[in-house]
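J.: Before I ask anything, let me first share the structure, which is written out below as structure tokens.
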Amino acid sequence: AIVVYGSINIDMIVEAAHLPRPGETVLGNDFRMSCGGKGANQAVAAAKAGADVAFIGRIGQDGFGGRALESLSKVGIDTSRIGIDPTSHTGVALISVAPSGENQITVSSGANAFLSKTDIRRSAPALAQARIALAQLEIPLSAVCEAAMLAAENGIPFILNPAPAFALPRDLLELTSFITPNESECEILTGIRPDSKSALGKAAEQLMAQGVKGVLITLGKRGTYFATAERHLLIEAFPVQARDTTGAGDTFNGAFAVALADGLAPEEAIRFANAAAALSVTRTGTHDAAPLRSEIQSHLAK
Ligand code: ADP
């Protein structure tokens, strides 16, 4: 089983002929509402990739919260440890999308911002059955650090997807088994733009010097750069016709956690995650785009 510590939002998406300028009101076309937040997206990807997933997070006491819970339980995620915050609202993301695909996003974190160390401690029993813990940075850093500590106390690998990225304290990095930045997050964390093999190597070394055990830098259609103290290698992406690459990283992280929980070696787990993320970019949507375990397995067998 996998425990995911993270954010849940309701995404409200309007397509419009152009993005509004400051002060402008634009009459948009279609409106869609769906469950998002990196935590929820990664948990759904993990559940669809075949794992038992428990989610630790917070929602508000409102209709959006109920909708979010429904999206997670629909794929079999254990939502019993999600806190309902009577003083805040469920996180929302207000998204405008132009025909070019360009977007404009405003997030109000709401209850996500109040996930506390106490919430994390209280969820400790969920880790008792788990093999992997996974977190991102859309919840308070104090909660992420507590989750990392709890995972270490239980002897469970802790995967940190540093998104959105900012400078991280060394004590968190020391408790991180695998860190999974994309290229821009890598640059924010290390100050090194990972645009060549030697830059990738340097960035990974820098993160490991701060205590991280394994570094996975995701490189979009080029695949994933993987480094540990023993070796560095590029694990190539699966070539596909991409339609919508948003959320590729979320599918990658969820699937990577599943494969590690299954006992695969990290390189094999990355291949599994590359396959899952490749399938997801051929489809639109986020939760709907995440592939099922059987689909990932047949893609790997090709
Ligand atoms: P993010 O979505 O966080 O920006 P990336 O763009 O690095 O992350 O993508 C994460 C992973 O998704 C990559 O490591 C790769 O395995 C897969 N991926 C992303 N884009 C493509 C693509 N066009 N073709 C195949 N695989 C892709």
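J.: Given a 10 angstrom Cα cut-off, can you work out which residue in Gln42, Gln206, Gln104 is the most mobile in a GNM of the chain?
T.: Between Gln42, Gln206, Gln104, it is Gln104 that shows the largest mean-square fluctuation.
J.: Also: Based on the Cβ-Cβ distance from Arg81 to Glu267, what FRET efficiency comes out when R0 is 30 Å, to the nearest 0.05?
T.: Taking R0 as 30 Å, the efficiency between Arg81 and Glu267 is 0.40.
J.: Which residues among the stretch 156-193 fall inside the zone where the amide N is under 12 Å from a point 7 Å beyond the Cα of Gln206, along Cα→Cβ?
T.: 167-168, 185-193
J.: In terms of the Cα gyration tensor, with a ≥ b ≥ c the square roots of its eigenvalues, is the stretch 53-105 rounded because a/c is under 1.5, prolate because a/b exceeds b/c, or oblate?
T.: Oblate, because a/c is 1.5 or more while a/b does not exceed b/c.
J.: From the backbone phi of the stretch 75-81, what are the Karplus-calculated ³J(HN,Hα) couplings (6.51 cos²θ - 1.76 cosθ + 1.60, θ = phi - 60°) in whole Hz, Gly and Pro given as x?
T.: 9, x, 6, 6, 9, 5, 9
J.: In whole angstrom, how far apart do the alpha carbon centroids of the stretch 178-254 and the stretch 259-300 sit?
T.: With the stretch 178-254 and the stretch 259-300 each reduced to a Cα centre, they are spaced 16 Å.
J.: Filter the cross-link list Lys38/Lys213; Lys48/Lys117; Lys38/Lys202; Lys202/Lys302; Lys117/Lys213 down to pairs whose alpha-carbon distance in this structure exceeds 31 Å.
T.: From Lys38/Lys213; Lys48/Lys117; Lys38/Lys202; Lys202/Lys302; Lys117/Lys213, over 31 Å: Lys202/Lys302.
J.: Same structure, new question: Out of residues 5 or more away from Asn9 or on other chains, whose amide H comes under 5 Å of its own, with H placed 1.01 Å from N in the peptide plane?
T.: Those qualifying (amide H under 5 Å, at least 5 residues apart or on another chain) are Gly36, Gly37, Ala40.
J.: Can you tell me the length gained on complete extension of the stretch Ala229 to Ala242, counting 0.36 nm per residue apart and subtracting the Cα distance?
T.: 1.3 nm
J.: Moving to a separate point now. As I understand it, the dipole of the chain uses +1 on the Cβ of Lys and Arg and -1 on the Cβ of Asp and Glu, about the Cα centre. Which of Ala130, Gly76, Gly60 lies farthest toward its positive end?
T.: Ranked along the dipole, the leading option is Ala130.
Computed from the coordinates by the stated procedures, all read-outs in this text should not be read as laboratory data. Since the structure is predicted, the reported quantities are computational estimates derived from the model, not experimental observations. Methodologically, a virtual Cβ is constructed for each residue, glycine included, from the backbone with ideal geometry; neighbour enumeration extends over all protein chains shown.
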